[in-house]
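A.B. asks: Can you read through this structure? Questions will come right after.
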Amino acid sequence: MTQLPSRSFFLFGVRGAGKSSWARTALPQALRLDLLDEALFHDLLAEPSLFRELLSTMAPGEWVVIDEVQRIPSLLNEVHRLIEESGLYFALLGSSARKLKTAGTNLLAGRASRKAMYPLVPQELGADFNLNDMLRYGSIPLVWAAEDRREVLESYTQLYLREEIRAEAVVRNLPGFVRFLPVAALLHGQTLNVTGIARDAGVARTTVSGYLDVLEDTLLTWRLPAYEAKLRVRERRRPKLYWVDPGLVRAVKRQFGPVSMEERGALFEGWILSLLRAHAEEQPVFDDIHYWAPVESRTEIDFLLTRDNEYLAIEAKAATRYNTGLLKGLRAVKDLPGLVRCVLVYDGERAFRTEDGIEVWPVNRFLKALQTDGLWP
């Protein structure tokens with residue numbers, strides 16, 4: 001996220017993503033209330049009217065930053081009133097949307113937009129960007145800036161369990177959730193099979209469904225839905241699971257060494273999705289995004305983007321050398337009505353266009369297209 005919204009907004013992102021640092025830079029004069037400050041947290045819990053008193057001298061048009069807003073969801077009632085009555089603007093930062101989604105929570109009835117902050121993208125890293133390091137350690141700022149990235153990654157899972165899961169009491173069976181996490185990490189980039197996860201983690205199927213909601217609500221994963229169209233084939237219906245950061249996936253699996261060839265494909269694919277979603281926060285990269293995989297064939301497309309009733313197909317391959325076998329899925333989807341571009345993104349160096357119109361892009365070409373809003377023809 002680079003641009004400051006013109007009105008009040010929620011900003012969500014995983015712990016260590018840099019939300020607080022960004023807010024200090026973007027809103028240097030704002031009043032800041034950090035709900036990780038235990039003294040302030042307990043004072044506001046005991047005396048909610050204190051919140052309005054703290055803001056009583058502020059003038060219309062001034063900004064207030066509330067960090068970790070999910071710790072006291074009831075504050076949003078006062079925020080709502082102050083937006084209406086006092087003309088204040090609020091930046092509401094959080095590392096979990098779970099408590100804010102519960103019944104009765106005031107989400108400001110459209111008076112605040114919702115934004116997301118993702119791990120660092122190559123454009124933000126500049127000359128420090130290295131794809132191998134990115135796939136090995138990820139790019140969560142807390143990790144990327146550390147002298148010992150492995151040590152920080154090792155502690156990150158415990159931080160997540162302590163701060164997001166145990167502190168918020170969002171799961172009753174913490175040992176079961178701990179068993180579930182590495183199983184979910186193994187499914188990065190794969191179609192979800194809830195029954196299989198339940199068996200491997202030793203918990204009930206309904207429990208797994210709840211755990212998957214927890215991962216999404218705490219902003220660690222997405223479920224990418226299958227594209228469903230009235231084609232002559234029956235499309236798969238189960239979503240795919242993707243983690244927000246490759247380093248985080250590896251940490252949950254306790255893999256910290258160099259990335260193996262077996263890991264690289266799924267990590268690369270998930271990273272491309274993270275880039276698409278991060279850039280979609282700033283520009284109209286897509287209206288919707290799916291994967292495409294007809295049941296009757298073994299072909300699939302990693303990402304099918306929709307914008308203005310047109311489609312763009314992207315296949316992400318970690319291969320360093322081009323071969324025609326990489327185009328199998330893209331060639332299978334070419335008859336989809338409304339398809340305007342097919343792109344293979346790979347870890348090679350040559351950029352070219354095949355005789356049947358498929359564009360082959362190295363990573364740098366793909367990154368340039370994202371930065372210049374040139375993804376669509």
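A.B. asks: Helix 75-86 sits at what angle to the longest principal axis of the chain, using alpha carbons and giving 0 to 90 degrees rounded to 10?
C.D. replies: The answer is roughly 80 degrees.
A.B. asks: Please work out how much length the chain gains when fully extended from ALA146 to ARG350, using 0.36 nm per residue of separation minus the C-alpha to C-alpha distance, in nm with one decimal. Could the numbers behind the result be given before it?
C.D. replies: On the way: separation 204, 0.36 × 204 = 73.44 nm, distance 3.38 nm.
Stretched out fully, the ALA146 to ARG350 stretch lengthens by 70.1 nm.
A.B. asks: Past 25 Å, Cα to Cα: identify those pairs from LYS115/LYS334; LYS240/LYS334; LYS240/LYS317, in the order given.
C.D. replies: Numbers: LYS115/LYS334 34 Å; LYS240/LYS334 22 Å; LYS240/LYS317 17 Å.
The answer is LYS115/LYS334.
A.B. asks: Now for a separate question. Once you place label points 7 Å from the Cα toward the Cβ at LEU36 and GLU124, how far apart are they in nm?
C.D. replies: 1.6 nm
A.B. asks: Multiplying the sequence separation of GLN158 and LEU174 by 0.36 nm and subtracting their Cα-Cα distance, what value in nm do you get?
C.D. replies: Difference between extended and current length: 4.6 nm.
A.B. asks: Give me the angle, in degrees from 0 to 90, between the Cα long axis of helix 205-217 and the longest principal axis of the Cα atoms of the chain, rounded to the nearest 10.
C.D. replies: 70 degrees
A.B. asks: Could I have the simple spin-label model distance between THR320 and ASP308, label points 7 Å from Cα toward Cβ, reported in nm to one decimal?
C.D. replies: My value for the distance between the label points is 4.0 nm.
A.B. asks: Please give me the summed charge of the neighbours of GLY257: other residues whose Cβ is under 15 Å from its Cβ, Lys and Arg +1, Asp and Glu -1.
C.D. replies: Net charge around GLY257: +1.
A.B. asks: What aspartates and glutamates does LYS99 reach when the alpha-carbon gap must be under 15 Å and sequence neighbours fewer than 8 apart in one chain are set aside?
C.D. replies: Counting by Cα, and skipping residues close in sequence, LYS99 has these aspartates and glutamates nearby: ASP67, GLU68, GLU163, GLU164, GLU168, ASP213, GLU216, ASP217.
A.B. asks: Just from its helices, what would the mean residue ellipticity at 222 nm be for the chain, if runs of 4 or more DSSP H residues each count -39500 (n - 2.57) and the sum is divided by every residue, rounded to the nearest 500 deg cm²/dmol?
C.D. replies: Numbers: 15 runs with 138 residues, N = 377.
Counting only the DSSP helices, I get -10500 deg cm²/dmol.
A.B. asks: Positive end of the dipole of the chain, charges at C-beta (+1 Lys, Arg; -1 Asp, Glu), about the Cα centre: which of LEU27, PHE129, ALA226 has its Cα farthest in that direction?
C.D. replies: Most positive-ward Cα: ALA226.
A.B. asks: What list of ³J(HN,Hα) values in whole Hz, one per residue of the stretch 123-136 in order, does the Karplus curve 6.51 cos²θ - 1.76 cosθ + 1.60 (θ = phi - 60°) give from phi, with Gly and Pro shown as x?
C.D. replies: Per-residue couplings from phi come out as 4, 6, 7, x, 5, 7, 5, 9, 4, 4, 5, 4, 6, 7 Hz.
A.B. asks: Quote the charge dipole size of the chain about the Cα centre in Debye, to the nearest 20; the model charges only the Cβ of Lys and Arg (+1) and of Asp and Glu (-1).
C.D. replies: 1260 debye
A.B. asks: Still on this structure, I have one more. If HIS42, HIS80 are ordered by their accessible area, calculated over protein heavy atoms with a 1.4 Å probe, which sequence runs from highest to lowest?
C.D. replies: Accessible-area ranking of HIS42, HIS80, largest first: HIS42, HIS80.
A.B. asks: Of the heavy-atom accessible surface of the chain (probe 1.4 angstrom), what whole percent is carbon and sulfur?
C.D. replies: Details: 8310 of 17730 Å².
Here it works out to 47 percent.
A.B. asks: Among rounded, prolate and oblate, which fits the stretch 282-371 when a ≥ b ≥ c are the square roots of the eigenvalues of its C-alpha gyration tensor, a/c under 1.5 means rounded, and a/b larger than b/c means prolate? Mind showing how you got there, number by number?
C.D. replies: Values: a/c = 1.69, a/b = 1.08, b/c = 1.56.
Because a/c hits 1.5 or more and a/b fails to exceed b/c, the stretch 282-371 counts as oblate.
A.B. asks: Any idea what diffusion coefficient the chain gets from Stokes-Einstein, in µm²/s, Kirkwood Rh on alpha carbon pairs, 20 °C, 1.002 mPa s?
C.D. replies: The calculation lands on 96 µm²/s.
A.B. asks: Sticking with this structure for a sec: Pairing the Cα long axis of helix 261-280 with the longest principal axis of the chain, what angle in degrees results, from 0 to 90 and rounded to the nearest 10?
C.D. replies: On a 0 to 90 degree scale, this one is about 60.
A.B. asks: State the answer as a single residue: which of GLN3, ILE83, MET58 lies farthest towards the positive end of the charge dipole of the stretch 1-92, with beta carbon charges of +1 for Lys and Arg and -1 for Asp and Glu, about the Cα centre.
C.D. replies: Farthest towards the positive pole: GLN3.
A.B. asks: Per-residue counts of other Cβ atoms within 10 Å, averaged by peptide: what ranking do you get for 287-294, 143-150, 125-132, highest first?
C.D. replies: So the peptides 287-294, 143-150, 125-132, ranked by packing, come out 287-294, 143-150, 125-132.
A.B. asks: Taking only protein heavy atoms and a 1.4 Å probe, what accessible area per residue, in Å², does the chain have with all protein chains in place?
C.D. replies: Normalised by residue count, the accessible surface of the chain is 47 Å².
A.B. asks: About its Cα centre, what dipole magnitude does the stretch 170-320 give when the only charges are +1 on Lys and Arg Cβ and -1 on Asp and Glu Cβ, stated in debye to the nearest 20?
C.D. replies: My answer is approximately 780 debye.
The values are calculated or read from the model by the stated rules, or taken from the named source; none is laboratory data. Given the structure is predicted, the values throughout are model-derived calculations rather than measurements. Please note: Cβ atoms are built from the backbone with ideal geometry, for glycine as well, and neighbour counts cover all protein chains shown. Just so you know, the surface numbers come from the protein's heavy atoms only, side chains and all, with ligands and any DNA or RNA stripped out. Shrake-Rupley method; radii C 1.70, N 1.55, O 1.52, S 1.80 Å.
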